[in-house]
Amino acid sequence: MNLFKQFIILLFQWISSTVQYSLMRVWEAFPALDNILTATPECKGLETSETQPEAWKTNEALRTYHLEDESATKVMVQTDTHAFYVDLERLSACSEYFRGVSQSRMRESSEGLIRLSHVPSSVFYNLLEFSFHQQFRVSGDELGDNIQVASYLLAEPFLSECLSVLTDVLTPDNCLSYLGLAGDIFCAKLRMTVFTYLSRNLLEQSHLTKGLSPEEMEELIRLRSQGDQRLCVLRKENLKSWADPETAPARHLFSLPRSEDGGDSSWCPISELPFRADKWCFTAVVLFNYLYIVGGYRQPIRRGWEFKMASFRYNPFTHTWVTTAPLIKHRRHFSAVACEGGIYAVGGWYLDSLVSPDSNTALYTAVERYDPWQDTWRFVSSLPLTDFQFTVSLSHDVPLATSLGHCVYVLGNIQRTGEKLLLQYNTTQDCWSELLPTLTRADADMPTLYFLGATDTLIVIGGNTSENVMTSFCPRTRQWGEIHTATKVALAGQGTVLEEQVLMPATEHSSVAQLDLLDLSLSLRSPLPIPAHYDAVFHLYF
Ligand SMILES: *[C@@H]1O[C@H](CO)[C@@H](O)[C@H](O)[C@H]1NC(C)=O
Ligand SMILES: *[C@@H]1O[C@H](CO)[C@@H](O)[C@H](O)[C@H]1NC(C)=O
């Protein structure tokens, strides 16, 4: 034993300058590690291990990780309390740090010593058990220590395993301390794990992200759109009663998963609507990959029924609904669009007994903005509908609205003249302006408007009795694009546009029509699970 010790001391003196030199370089790269790793190492019990969880502390054989290969380079790794005997090549395969040591010609070829006296032995044991025996023995409260060492030793597979376990144990109480740790040890993957957690709960736990910079908030918002993009549908308005067999199934949000071969499979319900009522009227809008449904539903009062204003927010990552602030005005068939981190509710008419509109029905000119962080609605500048009126319609929300950049755009059919007028709302200035010229009947015979959306320009879809008509408007040059006609398909409700594809409920086919903006081809997606009446289609990522 003495001989062995002496040999080790000699050997150590011989190589220490070289080892220390390279360690110094690592220390320089990770200055913050110094205090963290030398802080009192915690040796917690390894409950997950079978019979004698700590037997390795007294049994050198259990700290020996040689493969059978005799020619392999074996090294002794001295951690804070225990030494481990390891096949260096095998270790190099799971840690960039050891690969660096093995390649840096430090002549450990005969028998080397690597001093990691700041690394807790229990953590190093966990690393070896995982790397050599595929046994992951780290419990939740030891993850921090293990992630530090994994990150320091650049042990990617072990780090990934720690982080995937961490994903399941992150809570509002511990996530900020892990974020702090990520900063201290410069571990980008740990930071990303915590950021992903924070982004999935962005609005639910907004108190946690108060300290983040605007750039970091943008990153969180961006992270919410990472996942599978799914087409979703819900019935915007139901006027049927409980007695109608359609009502119960219609009270669901459906999504259309892609099948293995990339085609459509069939719609499946992913969540039930969060209120008990047979009659409702909502507008759907997606903000930060949360679905908001804004509107109201019918509920009994002492003598009869009344429409209760209500709004809800759905998080597709957790499949949970929460109640959010209702609109100020009692609106029916209004448009809502997300723009510059808020939601704008525009137009609509009075929501009371769900009577059909007629020529005397007046559109609301009041515009409301929703702040998702404060959960409040407030009025902003009203629509400039002074010397004209937009016609109302039961096939879509009135007026149609969309957003592009920092502006909201609104499109309506002017009563009597039938001209199409676009209005632009600049969110920075809180001010509306008319975008002339209007589109006259001579330009396009389009008595009905179905859809307004935005790609890099505004997309307008409408129709007459024989054809669907499609055109575009460029707000920058203030020019209408070419008028295209397409096969007549009755479109109703709320559509969406993504990657040059307009998707819109097609009532006659009880399906979703997909119009390709590049070649104007029209196709139908899988039949809807419930007959189409007045539905909203949109995309969510989850
Ligand atoms: C909106 O208003 C801001 C601030 O006045 C201005 O810089 C911007 O150009 C306006 N946007 C448009 C599209 O006119
Ligand atoms: C429908 O609109 C197109 C495009 O403006 C026009 O060419 C066509 O004549 C219209 N059809 C009817 C029946 O109005």
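The values are calculated or read from the model by the stated rules, or taken from the named source; none is laboratory data. Remember, it's a predicted structure, so these values are computed and weren't measured experimentally. Note: ideal-geometry Cβ built from the backbone for every residue, glycine included; neighbour counts use all protein chains shown.
Specify the residue that is nearest to ligand 2 (Cβ to nearest atom); the eligible residues are those in segment 472-506 that are buried (at least 19 other Cβ atoms within 10 Å of the Cβ) and touching a residue at least 60 places away in the same chain (Cβ under 8 Å).
Here the answer is Leu491.
Give me a count of the residues in segment 345-373 that are crowded, with 23+ Cβ neighbours inside 10 Å and among the hydroxyl-bearing types (Ser, Thr, Tyr).
1
Do any strands (runs of 3 or more DSSP E) lying entirely in segment 346-461 carry at least 1 residues that are within 16 Å of ligand 2 (Cβ to nearest atom) and among the hydroxyl-bearing types (Ser, Thr, Tyr), and which ones are they? Talk me through it step by step, then tell me what you get.
On the way: elements: 367-371, 376-380, 400-404, 407-413, 420-426, 431-439, 448-454.
Those strands (runs of 3 or more DSSP E) span 431-439, 448-454.
For segment 463-470, does any single residue satisfy the condition of being in contact with a Phe, Trp or Tyr (Cβ under 6 Å, 6 or more places away or on another chain) and either assigned by TED's automatic domain parsing to the domain that holds Val367 or exposed (fewer than 14 other Cβ atoms within 10 Å of the Cβ) (or both)? Steps first, please.
The first filter runs over segment 463-470 and keeps only residues in contact with a Phe, Trp or Tyr (Cβ under 6 Å, 6 or more places away or on another chain), leaving none.
No, segment 463-470 has no match at all.
Checking Leu154 against (1) assigned to a strand (DSSP E or B); (2) modelled with pLDDT of 95 or more, which test does it fail?
(1)
When you go through (1) over 30 Å from Val294 (Cα atoms); (2) exposed (fewer than 13 other Cβ atoms within 10 Å of the Cβ); (3) over 18 Å from the mean Cα position of the chain (by Cα) one by one for Asp168, which number turns out not to apply?
The number of the failed condition is (3).
With Tyr450, Tyr425 as the choices, which residue is assigned by TED's automatic domain parsing to the domain that holds Tyr534 and in contact (Cβ under 8 Å) with a residue 60 or more places away in the chain? Give the steps one after another, and end with the answer.
Values: Tyr450 fails: in contact (Cβ under 8 Å) with a residue 60 or more places away in the chain.
Testing whether each residue is assigned by TED's automatic domain parsing to the domain that holds Tyr534 and in contact (Cβ under 8 Å) with a residue 60 or more places away in the chain leaves just Tyr425.
Got a number for residues in segment 272-286 being buried (at least 19 other Cβ atoms within 10 Å of the Cβ) and within 18 Å of Val233 (Cβ to Cβ)?
Residues in segment 272-286 being buried (at least 19 other Cβ atoms within 10 Å of the Cβ) and within 18 Å of Val233 (Cβ to Cβ): 8 in total.
Which numbered condition trips up Leu179, out of (1) under 27 Å from Leu202 (Cβ atoms); (2) in the same structural domain as Trp56 (by TED's automatic domain parsing); (3) at pLDDT 95 or above?
(2)
Go through segment 507-542 and count every residue that is of a type outside the set (A, V, I, L, M), outside any strand (DSSP E or B), touching a strand residue (DSSP E or B) at 6+ places or on another chain (Cβ under 6 Å) and surrounded by fewer than 18 Cβ atoms within 10 Å (Cβ to Cβ).
If we filter segment 507-542 for residues that are of a type outside the set (A, V, I, L, M), which is where we start, we get 507-511, 514, 516, 519, 521, 523, 525-527, 529, 531, 533-535, 538-539, 541-542.
Right, trim to outside any strand (DSSP E or B) and you get 507-510, 519, 521, 525-527, 529, 531, 533-534, 542.
Still in the running and touching a strand residue (DSSP E or B) at 6+ places or on another chain (Cβ under 6 Å): 509, 525-527, 529, 534.
From what is left, the residues that are surrounded by fewer than 18 Cβ atoms within 10 Å (Cβ to Cβ) are 509, 526-527, 529.
Of the residues in segment 507-542, 4 are of a type outside the set (A, V, I, L, M), outside any strand (DSSP E or B), touching a strand residue (DSSP E or B) at 6+ places or on another chain (Cβ under 6 Å) and surrounded by fewer than 18 Cβ atoms within 10 Å (Cβ to Cβ).
Quick one: is Thr196 buried (at least 20 other Cβ atoms within 10 Å of the Cβ) and hydroxyl-bearing (Ser, Thr, Tyr)? If you could, list the steps in order and put the result at the bottom.
Numbers: buried (at least 20 other Cβ atoms within 10 Å of the Cβ): no; hydroxyl-bearing (Ser, Thr, Tyr): yes.
Judged against the criteria, Thr196 is not a match.
Conditions: (1) of a type in the set (Ser, Thr, Tyr); (2) in contact (Cβ under 8 Å) with a residue 60 or more places away in the chain; (3) under 21 Å from His333 (Cβ atoms). Ser526 meets all but one. Number of the miss?
Unmet condition: (3).
Tell me, yes or no, whether segment 438-455 has at least one residue that is within 16 Å of ligand 1 (Cβ to nearest atom), exposed (fewer than 15 other Cβ atoms within 10 Å of the Cβ), under 17 Å from Arg476 (Cβ atoms) and at pLDDT 95 or above.
Looking only at segment 438-455, we keep the residues that are within 16 Å of ligand 1 (Cβ to nearest atom), and these are 454.
Still in the list and also exposed (fewer than 15 other Cβ atoms within 10 Å of the Cβ): none.
No; the residues of segment 438-455 include none that is within 16 Å of ligand 1 (Cβ to nearest atom), exposed (fewer than 15 other Cβ atoms within 10 Å of the Cβ), under 17 Å from Arg476 (Cβ atoms) and at pLDDT 95 or above.
Yes or no: Thr465 away from ligand 1 (no atom under 16 Å from the Cβ), of a type in the set (Val, Ile, Thr), out of contact with any strand residue (DSSP E or B) (no Cβ under 8 Å at 6 or more places or on another chain) and over 21 Å from Ala284 (Cβ atoms)?
On the way: away from ligand 1 (no atom under 16 Å from the Cβ): yes; of a type in the set (Val, Ile, Thr): yes; out of contact with any strand residue (DSSP E or B) (no Cβ under 8 Å at 6 or more places or on another chain): yes; over 21 Å from Ala284 (Cβ atoms): yes.
So Thr465 passes the test.
Being outside any strand (DSSP E or B) and β-branched (Val, Ile, Thr) narrows it down to one of Thr471, Thr477, so name that one. Please lay out each step first, then the result.
On the way: Thr471 fails: outside any strand (DSSP E or B).
Every option except Thr477 fails the conditions.
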